[in-house]
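Data block below; observations after.
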Amino acid sequence: MADTPYHKTTNMFGEKTKRLQALKSAGFNVPAFIGISTTEIEKDSKTLAEQALESLGGKLFAVRSSALVEDADQSSMAGQFMTKLAVTRKGLSSAIDEVRAQAKDRLGSLLEFSIIIQEFIEPDFSGVVFTRAPHGGRETIVEFHTGRGDAVVSGEVKPERLVYYRGQGPIASELPNIEDARQQFLAIEKLFDFPQDIEWCVKAGKWYILQSRPITSVTKEQIKTIEDLECELPKGKYYFAKTEVCDVAPRPCKETFELLEEMYGEDGPVEQAYKKLGLAYSDTSFLKVFVGELYVDRERELQSLFPSHSYFVGEGYTAKPVRLKGFLTSLRNTRRLQKLHGKLDEISTNLESRLSRKFSASSLEQAKREFFEDYEVIFTTNLFAERALDRLKRSLPSSTGLAEALQYFPTDLPAVWNPPADIIGNTFEFTDTSVFVSVLDTIISPIIPNGIPLPELREAQLFLRLREYSRWLALRHITRLRGMIPGSSSRSGSKTGSIHGSTPAIVTDTPLSLGENKPIGVSAGQAEGKLVLTPEAGGILVTSALTPDIANHARLLKGVIADHGGLLSHFAIIAREMGLPVVVNYPIHELPIGKLVAMDGSTGEVRIK
């Protein structure tokens, strides 16, 4: 930060003031302002007003708080102090009194409070930009509205929104000179060496920076990981995801990754399993490692079975046929997968036999052959389990989700098997030597609600058990191989050894979709509670707007559902700092007040219990 008077007197001015001065010193277009320090704050308001008028000139002013507790790295206090806009010269002293009085009421004293008095710009557009998505994603997100920005940050409107990646080509927007502004946003992030929450306005095509503070819901580790990831991603279109395949070795060492490539490669056990089921499969090398974490190239994975299809048509990454080459193969595979149905007794007997036998291989190559022979059965069992789950899902009423249905267990399920005693670790990763844990649920829920079909539920639950048994079988082999593969205890490559934080579950060339007309989660987390119109302990508040005053009662609540309010509004920022789930853009008139609901602040889903 530039060595300014505000920077030198760190105990006299809040971060908001110091950052504005740093922006001004760096050449950004900041409306003229002065700071009233903590040592001056209790002076006569007329004296302070005269001091500002003499320094600034102008006709209209903004009086903003700059408390020493605001805009910290982990706590923003966003919207918790008063701001007065469009204050006249005559009304300046009264505005100072109002801002001071509200701060004293909140803080108890003015010992750690300062004020910014700034030239007021009556804007054509106002808004907020997060130079990185608040959940730690790669996106830059801009929310804006015509006129003054207080309606955006206070959550009183549904703002317009732009979502884009840095480096992306020109974006369409009614905002003037948006491309120049994008470069300014990145330069401000570079100035403060961290992703920024920036408030701005536009007047007659000219951009003004009103405030900049760190995004409190992301960490340095997350950002470092995202930056490393961006360095490794290819150019053009791409769609990578952490699918169930990635669960077997989320962060594979060199030896583990090589084993996975063999398993899914040409003539490997996966191809052999597909052949025995009458499915044509080709090795497309769809396993990838970015920043040390395993991903699946969904486009290549798709074309391993459906060579005529692509995800890169239309919107939403929906697989569609795009070429004639491979069309017949795709059609045959589709039909055979739809008819896929495993024989439970036969698969169960096969797995039990393989789990109980003793290993005999003495060499590494022989041990791998035995593993690959068993993996054909393991992989096939997983395919049958997926089909059983799909049949259950399609037979459920629209009001019941798959996860909810799987909470119930028919009473006639057989007893759970005991896992083998010779398993070490829980993944295919050779460096995983954690204590083995079975994920089978032995609870029996005999009362199954109407609407959940018992035959489909029973089949799905049994296949889920068989899938877990097949995992045991795989882990027995991995435990043996771990001691036979040289160097399997060390990780490979500098990227693998320098993981800073977890990478996103999905990585695409298309930024996050945040539709204006559908519910969106703005603060992650899941909650269950009673819908209430006024704050009460354990309730989920239903409100028309996501206003900052909700923060006064937030610790009572389990969640908030609002009609209006932006992802970047002041209360959304505070909710993320608190870990309070929040959903906006929800048609709240449809909600039954007083009823129990489950909500997800990541997906925007609200479900009546």
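No lab work stands behind these numbers, since they all come straight from the coordinates. This is a predicted model, so every value here is computed, not measured. Here Cβ is always computed from backbone atoms with ideal geometry, including for glycine, and neighbour counts include all displayed protein chains.
Which values, in whole Å and largest first, are the semi-axes of the equivalent ellipsoid of the chain obtained as the square root of 5 times each eigenvalue of the Cα gyration tensor?
Three semi-axes, in Å: 55, 27, 23.
Could you put SER282, SER217 in order, starting from the residue whose Cβ has the fewest other Cβ atoms within 10 Å?
Ranking SER282, SER217 by Cβ neighbours within 10 Å, fewest first, gives SER282, SER217.
Give the long-range amide H neighbours of SER114: residues separated by 5 or more places, or on another chain, with amide H under 5 Å away, using H modelled in the peptide plane at 1.01 Å from N.
HN-HN under 5 Å from SER114: GLY14, SER66, ALA67, LEU68.
Determine ³J(HN,Hα), in whole Hz, for all residues of the stretch 180-188 in sequence, where each value follows from phi through the Karplus function 6.51 cos²θ - 1.76 cosθ + 1.60 and θ = phi - 60°; x replaces Gly and Pro.
Coupling constants for the stretch 180-188: 5, 5, 4, 5, 4, 4, 5, 5, 5 Hz.
Determine the dipole magnitude for the chain: charges of +1 sit on the beta-carbon of Lys and Arg, -1 on that of Asp and Glu, nothing else is charged, the reference point is the Cα centre, and the result goes in debye to the nearest 20.
Its charge dipole is roughly 720 debye.
Taking 7 Å along the Cα-to-C-beta vector as the label spot, tell me the ASN418-HIS553 distance in nanometres, rounded to one decimal.
Label at ASN418, label at HIS553, 5.6 nm between them.
I'd like to know which of LEU107, PRO176, LEU186 lies farthest towards the positive end of the charge dipole of the stretch 91-194, counting +1 on Cβ of Lys and Arg and -1 on Cβ of Asp and Glu.
With unit charges placed on the Cβ atoms, the residue in question is LEU186.
Once amide H atoms are placed 1.01 Å from N in the peptide plane, what residues at a sequence separation of 5 or more from GLY539, or on another chain, have their amide H within under 5 Å of its amide H?
Close amide H contacts, sequence-distant or interchain: LYS558.
How large is the dipole of the stretch 124-222 about the Cα centre if only Lys and Arg carry +1 and Asp and Glu carry -1, each at its Cβ, rounded to the nearest 20 debye?
That gives the stretch 124-222 a dipole magnitude of about 160 debye.
Taking a cut-off of 26 Å, what percent of all Cα-Cα pairs in the stretch 1-120 are separated by more than that?
Here the tail beyond 26 Å accounts for 12 percent of pairs.
Given the pairs LYS59/LYS203; LYS235/LYS288; LYS254/LYS276, which span a C-alpha to C-alpha distance of over 21 angstrom in this model?
LYS254/LYS276
Which listed residue (THR349, SER363, VAL322) has the Cα farthest towards the positive end of the charge dipole for the stretch 318-379, taking +1 on Lys and Arg C-beta and -1 on Asp and Glu C-beta about the Cα centre?
Working it through, the farthest residue towards the positive pole turns out to be VAL322.
Would you pull out the residues with amide H under 5 Å of GLN526's amide H, same chain only if 5 or more places away, H placed 1.01 Å from N?
GLY601
Go through 385-398, 461-474 and give me the packing order, highest mean Cβ count within 10 Å leading. Write down the numbers at each step before the final one.
On the way: 385-398: 16.3, 461-474: 21.0.
By packing density, highest mean first, the sequence is 461-474, 385-398.
Only loop residues by DSSP count here, and only those with at most 10 other Cβ atoms within 10 Å; note down the trypsin sites (Lys or Arg not before Pro) in the stretch 69-163 that meet that. Write down the numbers at each step before the final one.
On the way: sites: LYS84, ARG89, LYS90, ARG100, LYS104, ARG106, ARG132, ARG138, ARG148, ARG161; in loops: ARG89, LYS90, ARG132, ARG138, ARG148.
Those that pass, being in a loop and sparsely packed, are LYS90.
Compare the Cα positions of LEU23, ILE209, THR88 along the charge dipole of the chain (+1 at Cβ of Lys, Arg; -1 at Cβ of Asp, Glu; about the Cα centre) and return the one farthest towards the positive end.
ILE209
Compare the peptides 597-604, 365-372 by average per-residue count of other Cβ atoms within 10 angstrom and give them in order, highest first. Working shown, then result.
On the way: 597-604: 19.2, 365-372: 16.6.
With the highest mean Cβ count within 10 Å placed first, the list reads 597-604, 365-372.
Hey, what number do you get for the chain at 222 nm if only DSSP H runs of n ≥ 4 count, each worth -39500 (n - 2.57), divided across all residues, to the nearest 500? Each step should come with its number before you reach the end.
Details: 18 runs with 210 residues, N = 609.
Theoretical 222 nm ellipticity from helices: -10500 deg cm²/dmol.
To the nearest 20 Debye, how big is the dipole of the stretch 235-316 about its Cα centre, given +1 on the beta carbon of each Lys and Arg and -1 on that of each Asp and Glu?
Numbers: 10 positive and 15 negative charges, 55 e Å.
Rounded to the nearest 20 debye, it is 260 debye.
Apply the Karplus curve 6.51 cos²θ - 1.76 cosθ + 1.60, θ = phi - 60°, to the phi angles in the stretch 310-321 and return the couplings in whole Hz, x for Gly and Pro.
Ordered by residue, 3J(HN,Hα) equals 8, 7, 8, 9, x, 10, x, 6, 9, 5, 9, x Hz.
Apply the Karplus parameterisation 6.51 cos²θ - 1.76 cosθ + 1.60, with θ equal to phi minus 60°, to every residue of the stretch 455-469 and state each ³J(HN,Hα) to the nearest whole Hz, in sequence, with x for glycine and proline.
x, 5, 5, 4, 4, 5, 5, 5, 5, 5, 5, 5, 5, 5, 4
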